[in-house]
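The values are calculated or read from the model by the stated rules, or taken from the named source; none is laboratory data. All values derive from a computational prediction rather than experimental measurement. For neighbour counting, all protein chains shown are included, and Cβ atoms are generated from backbone atoms with ideal geometry for every residue, glycine included. Each accessible area value is taken on the protein alone, full model and side chains, heavy atoms only, with ligands, DNA and RNA left out. Shrake-Rupley method; radii C 1.70, N 1.55, O 1.52, S 1.80 Å.
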Amino acid sequence: MKPQDTGKKVEAGGATQTRLLARLLGRGVGSQGGLSLLAFLIVVYVVMVALRSPDFLSLASLFDLIRSGAAWTVVALGVLVVMVSGGIDVSFLANAILSAYVATVITKWTGLDSLAFALIVAMTIGALVGAINGLIISLFSLPTLITTLAMQGVIQGVLMVFLGAGPITAGHMPKSLRYFGTDVLFEFPDGPGFVGLSVFVVPLVFAVVATWYLLNRTAIGRATYAIGSNRLAAIRCGVNLLKINLVIYAYAGALAGLMGVMMVSDIRLVDPVTLVGNELLVLAAVVIGGAKLSGGAGSVSGVLLGMTLVTLLNNTLVTIGLSASWNKFFIGCALVLIASISHYRAKMRNLRQLNFDNI
Amino acid sequence: MRTSENIGTHVAPAGVRPAIGFVGENHIMELLRLEGLSKRYIGTQALDAVDMTIEAGQVLCLAGANGSGKSTLIKCVAGGETPDSGKIIWQGQAYDSLTPSQSMALGIEIIYQDLSIFPDLTVAENIAFHVVQSRHRSWVDLREVDRIATKALHELGADLPLHARLGDLPIGARQTAAIARALTQDCRLLVMDEPTTALPSRDVAQLLSMVHRLKSKGMAIVFISHKLDELFEIADRFYVLRDGRKVGDYAPAELTTTRLSYLMTGVEFKGEKTQQEFEQIATPLLVVEDLRRRDQYHDVSFSLRPGEIIGFAGLTGSGRTELALTLFGLNPADAGKITLAGRPHSPRSPREAITNGIALVSEDRHGQGLFARKAIMTNIASSVFERSAGRFGLLSQASERTIGDTWIDKVRVKTPSGEEPVQSLSGGNQQKVVLAKWLATDPKILILDNPTVGIDVGSKMEIHDIVRQLARQGRGVIMISDDLEELVMSCNRVFLMQTGTLAAEFHGETLTVENLSSGLRQTS
């Protein structure tokens, strides 16, 4: 009988351990819990970097972080809206470069060298391309991944074949765009030179506020969550899928256009073959921020945190003595970690209701 | 345009509310009349010249076996389906067919079995969803959302945490939210499709009282359920459908459960006990001693012999399902001993349990038991796919078909061929496929969790027959059920489970529906 008794104890011990783990990870059910964990990871990483190079904790680093993350965050917010609806968009970077390219050409051609004009053109083209995505997805009930993947190919084809696009170098870019890339909102003296906050913070704040308002305070935004949460129920409730898809894909497209102009101004080169290929990095940041591929979940604050982590890794791996090639490795690890934890949470929640769907 | 003022009309106490329905002629309170409604699908006449009237302030129970045309009838009223002929007359206005938004605008609300709620939105948002979406205004006022939700819940006499994520709340709360949402739409006819099937028994009483409350406010309710005893509790009228035809319209006083079963199926069932003899001296298949799991059950001891069917009655949350899941390896016990055919058994995964000869047919056949779009034979063979695999581990269609056909025949699944997808079958036949799937693993012990929930009377009897046959072959069966009659008819012994312990055991003379239900009443 004795050996069996010990066996039982081990088993009981196992159960206690599982419960402890459950308690540690299961705290604060819902996305808020996941976000505080993400914030914690970011703080730990910042402390690590700061220990290695104390100058890192400075206004300059913060401004640099904002400048390099702003454009990517703007486009990620559009991706978030699509992902909340349960869809996925992989055409946004192709859309961004198309919009920026056409906007640059038109700005030069008309001689209207104004940033506002370039932005309006780029965002309109982006929104139109996005609306086509939404239209195709709704009319033919196509999978969003396939539709937007096809759109990515079509856009690149259009750029290459029809527009015969070659790179436009800084010398040929409109002045307003070049200034947009270097202008600062305000600056402080810092040692020998100055450190300034890039004007990119303006479109960033605009995108953050607009996306938050769209998702949380409009009927369309709430319907977007509803579709992602339970599509059939949304249809039964009379939600107009065509309208919602048009709005959200056009919105994502408009933000892509905005991002495109920010990118080309930043790198001072309009090259149709740049950007495309980095889609998964943006999607990873949105998922790290708590959005679910199945839809219904995700928040603006999540995207901000996810993008902060990704940009931090991008900017600082060299500071802690690792080559930039480690970037993708760490983003991959963060993605797996966050996804596993949110899955584990959902599982624990379901177990409490004796539901074994996702074991 | 709908505004929150419209909702206010519901708050008027019973009697004060203005009479709905057109006044005049002789149908003062008549709300909806169906005249000669017919609908034909390829191969079946789903509805055959059906007439029906529904009056305000009345609970009409729509009874019929699976495939009798209930769902088609509901779909015609909800607007998802266009009838081939006949008229839908709403308050004197005749329609050939309705669109979903038309039907909603008239004040017809359907609560489907899956509830159609949004798990990721809050309770308040779920309830106010229709109002927010149908408004000609693009922004959302969260305080108004809360007001709408509070008002609807108040009307129902229910209380829910407004800002909780609805998906985190138990099924009873989700149902309450679904009903509350219907109320925000100036609803006059509420159709509830099997609202109690997935509901724990303690929530059923609350649901029925909500139905009473709505009825007293002048709402008409069409209630669909397979649980006949429930129907008798709330029905003002019974309307029976069979094979797409109206069998009749009855007052509850004219009917008994047996008579209603007969009307629904056309077959006479004798509700007698058919327990069987089993080998008392044989070694038990399963011995459970002092099993406990924190917060779920404790001090559970019982044994199961070959050929025996033992039952577990009790409220949801009494630990019945949790105990079954432990035996099946999904919910490990903290302490205690399980002996399976003389050997210690403490499964850590369903796989281990299955290898040791235990099968569990779960209550939720949609979520856990079946691959709905796959062929029947594929479903049955899925539990033994190692065995149906040929050389190089590739699956062989031929052996899949052999296994499928054998079991389709044994459990009498009604289908033209094993290649039909499972979703084409009625609920009862789907449940037979689940049974067949597990029987194909040749289990020594079969655990059934509410095996006949949501299944019509005819299929129910057939499933009971199959279970008895299995016991006769020397298998042990553990049956968990809320249907006391089912337990009394099938089981040799029944344990009453109460707050995690086996509170009482009934067998032989003491095993009666009366004893069980009085035992259950003491628990609650």
Notebook entry, point to check: List, please: which pairs have Cβ atoms under 8 Å, are six or more places apart or on different chains, and start with a residue in segment B:483-503 that is β-branched (Val, Ile, Thr) and end with one that is open to solvent by less than 10 Å² (accessible area, probe 1.4 Å) and in a loop (DSSP other than H, G, I, E, B)?
Noted result: B:Val488/B:Leu511; B:Val494/B:Leu511; B:Thr499/B:Ser318; B:Thr499/B:Gly319; B:Thr501/B:Gly319
Note to self: On the basis of being assigned to a loop (DSSP other than H, G, I, E, B), within 13 Å of another protein chain (Cβ to nearest Cβ) and of a type in the set (Val, Ile, Thr), does B:Ile127 make the cut?
What the structure shows: no
Check: Based on what the data block shows, is A:Ala103 assigned to a helix (DSSP H, G or I) and touching a Gly at 6+ places or on another chain (Cβ under 8 Å)?
Finding: yes
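Between B:Leu330, B:Leu286, B:Leu323, B:Leu291, which is in contact with a Phe, Trp or Tyr (Cβ under 8 Å, 6 or more places away or on another chain) and either free of Cβ contacts under 8 Å to residues at least 24 places away in the same chain or within 23 Å of B:Val384 (Cβ to Cβ) (or both)?
Residue meeting the stated conditions: B:Leu330.
Residue by residue, here is whether (1) assigned to a helix (DSSP H, G or I); (2) of a type in the set (Val, Ile, Thr); (3) open to solvent by less than 30 Å² (accessible area, probe 1.4 Å); (4) more than 10 Å from chain B (Cβ to nearest Cβ) holds:
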residue	(1), (2), (3), (4)
A:Gly228	yes, no, yes, no
A:Ala234	yes, no, yes, no
A:Leu242	yes, no, no, yes
A:Tyr251	yes, no, no, yes
A:Leu293	no, no, no, yes
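Okay, residues lined up against (1) surrounded by fewer than 21 Cβ atoms within 10 Å (Cβ to Cβ); (2) touching a strand residue (DSSP E or B) at 6+ places or on another chain (Cβ under 8 Å):
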| position | (1), (2) |
| --- | --- |
| B:Ile179 | no, yes |
| B:Val191 | no, yes |
| B:Asp203 | yes, no |
| B:Lys215 | yes, yes |
| B:Gly218 | no, no |
| B:Val222 | no, yes |
| B:Lys227 | yes, no |
| B:Leu241 | no, yes |
Checklist line | Within segment B:57-74, considering residues that are open to solvent by 10 Å² or more (accessible area, probe 1.4 Å) and either aliphatic (A, V, I, L, M) or without any contact (Cβ under 8 Å) to a residue 12 or more places away in the chain (or both), the one nearest to B:Val211 (Cα to Cα) | finding: B:Ile74
Check: Any chance segment B:501-510 includes a residue that's of a type in the set (A, V, I, L, M), open to solvent by less than 10 Å² (accessible area, probe 1.4 Å) and in the same structural domain as B:Thr316 (by TED's automatic domain parsing)?
Finding: no
Note to self: open to solvent by less than 40 Å² (accessible area, probe 1.4 Å) and either of a type in the set (Lys, Arg) or facing chain A (nearest Cβ under 10 Å) (or both): is that true of B:Val77 in this structure?
What the structure shows: no
Next item on the list: Could you name every one of the strands (runs of 3 or more DSSP E) located completely within segment B:443-524 that has at least 3 residues being under 24 Å from B:Gly357 (Cα atoms)?
Entry: B:445-449, B:476-480, B:493-498
Next item on the list: State all residues of segment B:112-164 that are in contact with a helix residue (DSSP H, G or I) (Cβ under 7 Å, 6 or more places away or on another chain), at pLDDT 90 or above and of a type in the set (Val, Ile, Thr); if no residue qualifies, say none.
Entry: B:Ile117, B:Thr122, B:Val123, B:Ile127, B:Val145, B:Ile148
Item checked: segment B:300-334, residues that are among the β-branched types (Val, Ile, Thr) and more than 14 Å from chain A (Cβ to nearest Cβ) -> B:Val300, B:Ile309, B:Ile310
